[in-house]
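Down below is the structure, laid out as structure tokens.
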Amino acid sequence: MASWGTITRAAAAAAVLLLMLRGIDPAASAPVSIDPINCLDSGLKCCPPPSYKEIVDFKPDSQPTPLRIRRPAHTLDAEAAQKYEKAIALMRALPRDHPWNFIQQSNVHCAYCSGGHVQLGTKNVTIEIHGSWHFFTWHRAYLYFYERILGKLINDASFAIPFWNWDDLAGMSIPTIYRDNTSSLFNPTRYPTALNFTNLGGCEGDGTPGSLDKQKLCNLQVMHRQFAAASNSTSIFFGGALRAGGGSFPGGSPIENSPHSPVHVTTGADMSQISKSGYDPLFIAHHSNVDRLWAIWEGIPGKSSKVIADPDFLDASFLFWDENLERVRIRVRDVIDPRKLGYVYQDVPLKWMDIKTRVEDETSILQAQDLARPYPVGKLNFPLRLRSAAKVNVRRTASRGETLVVSDIELDGRDYVWFDIYVSRVDGGGRAQAGCFIHMERRSDKKIPIITKMQIGIADVIKQIGAAADDQIVVTLEPKVGGDKVTVGGVSII
Ligand code: C2O
């Protein structure tokens, strides 16, 4: 399996020391699991009401249930939209402390990040389900129970949540069913701009006629780029390993960085804060589409397995309330196959799949932004605060390495930070965006120290810039938001 880049000896020693201080034996790695009793409030108040109800292990339906077909939100017919609206209205009307209550259900998400649920066997190590290989898996499990609860509320076992098809030209804005301010699907904190366009990452308009068309094309390019970057390997697709007792953010999937995060931050105030995003019903449709991308990737035939075989991945488990008001422990291995969970996504065309990666003319960019000339290999001073764009020649350590690693990215988890990553040839020519790093804002009264890394597949982009056979590549890190709040420890290609 590909390693997560070069971790320095000192950092490794510090990690071991940290585990030992927490009373965890670093040699015995184990899957993450949740303490059923302990949840820390950390100022956010999103822990569930305490419950001592016995926990049961998840079992797939023993009786066949109707297959639930998740459809694009912008194509739902009136009947399906009404059902959905009614189910959410019923959820909102439940007593405030009912496990299915709308706010309780939103808080389930909040408690799994932002320092809520404590990991079993620790006193105060909380779980964070973003920024690691549990990003896709946890959200799939969450949507599964959410969908079953909604179905139960309207007494329809075939009920399926819609997906926000923002990767399709017709779906790149807030779907109509969410817009009526008398509907249960409405949220008052959305940004007016989001009604016109859903930005998948750096596709702002320039106000000129035809701008929207350009933005939509840009979205398709983002989709293509991020999907290609994630698809290089199974470990890149899922993100870094999070094991029992592990802190947080070992490294997020390229898809979590974008399109996932830009959709959050450009949709509305609630959506842009991890701890509150569940207050907007769009959250469910958004993550349904993210989940669909996992299913699409999984369905593309490839040489290597589309599942991480590591038992620390497969046996990790989470707790949820189900549609029978049972408290259920579900393992990651239970959510790998959507069919076993009884749902599929309606097939819709994937225009972005065959779109060409954009190669920009670098001379004009250089003039426009006054970037420094490339530094000789190894001469750029890391760690580097990203106050302005940084450019560095990077040697491909493995022969023709195709994984770009940005290591020791250090920030306060409360800050919103975004930087883009470009590659170009050492002897000039065009540059192409390889990916981006995006950290969404979190609320906390204390600093949330984060040291993370970012791994992206660059096979597609280096082919586009004609550098497939080169043994050095120029990498540019370009801050977009909060560059002065982040430092980068190094850039390598493995
Ligand atoms: Cu759990 Cu899109 O965030």
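The values are calculated or read from the model by the stated rules, or taken from the named source; none is laboratory data. Note that the structure is a prediction, hence the values are computed from the model and not measured. Methodologically, a virtual Cβ is constructed for each residue, glycine included, from the backbone with ideal geometry; neighbour enumeration extends over all protein chains shown. Heavy atoms of the whole protein, side chains included, go into the accessibility calculation; ligands, DNA and RNA do not. Shrake-Rupley method; radii C 1.70, N 1.55, O 1.52, S 1.80 Å.
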Return the total of residues in segment 193-202 being farther than 17 Å from HIS74 by Cα and modelled with pLDDT under 95. 2
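To keep it simple, each residue is scored yes or no on (1) more than 16 Å from the ligand (Cβ to nearest atom); (2) assigned to a helix (DSSP H, G or I); (3) on the phi < 0 side of the Ramachandran plot; (4) outside the structural domain of GLU54 (by TED's automatic domain parsing).
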| site | (1), (2), (3), (4) |
| --- | --- |
| ILE274 | no, no, yes, no |
| ILE284 | no, yes, yes, no |
| SER288 | no, yes, yes, no |
| TRP294 | no, yes, yes, no |
| ARG329 | yes, no, yes, no |
| ARG339 | yes, yes, yes, no |
Taking only pairs six or more apart or across chains, which ones have beta-carbon atoms under 7 Å, a first residue in segment 198-210 that is β-branched (Val, Ile, Thr), and a second residue that is part of a loop (DSSP other than H, G, I, E, B) and surrounded by 10 or more Cβ atoms within 10 Å (Cβ to Cβ)? THR198/TRP166; THR198/MET172; THR198/SER173
Among the residues in segment 255-264, are any of a type in the set (D, E, K, R), in contact (Cβ under 8 Å) with a residue 40 or more places away in the chain and within 11 Å of the ligand (Cβ to nearest atom)? yes
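Checking the conditions here, which among ALA244, ALA229 is crowded, with 19+ Cβ neighbours inside 10 Å, more than 20 Å from the chain's Cα centre (by Cα) and small (Gly, Ala, Ser)?
Values: ALA229 fails: more than 20 Å from the chain's Cα centre (by Cα).
Result of the check over ALA244, ALA229: ALA244.
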Considering only strands (runs of 3 or more DSSP E) fully contained in segment 399-453, which possess at least 2 residues that are away from the ligand (no atom under 16 Å from the Cβ) and over 17 Å from ALA228 (Cβ atoms)? 403-412, 417-425
Single unsatisfied condition, TRP418 versus (1) closer than 21 Å to GLY115 by Cβ; (2) touching a residue at least 40 places away in the same chain (Cβ under 8 Å): (1)
If you go through segment 169-188 one residue at a time, how many are surrounded by fewer than 21 Cβ atoms within 10 Å (Cβ to Cβ) and in contact with a Lys or Arg (Cβ under 8 Å, 6 or more places away or on another chain)? 3
Is at least one residue of segment 115-128 under 30 Å from SER407 (Cβ atoms), open to solvent by 10 Å² or more (accessible area, probe 1.4 Å) and among the charged types (D, E, K, R)? yes
Might you check whether a residue that is more than 16 Å from the ligand (Cβ to nearest atom), modelled with pLDDT of 95 or more, charged (D, E, K, R) and within 25 Å of the chain's Cα centre (by Cα) occurs anywhere in segment 457-475? no
Residue satisfying all of: in segment 296-349; in contact with a helix residue (DSSP H, G or I) (Cβ under 7 Å, 6 or more places away or on another chain) and among the small types (Gly, Ala, Ser); least open to solvent (accessible area, probe 1.4 Å) among these: ALA316
From the list LEU185, LEU153, which residue is in contact with a Leu (Cβ under 6 Å, 6 or more places away or on another chain), more than 16 Å from the ligand (Cβ to nearest atom) and modelled with pLDDT of 95 or more? LEU153
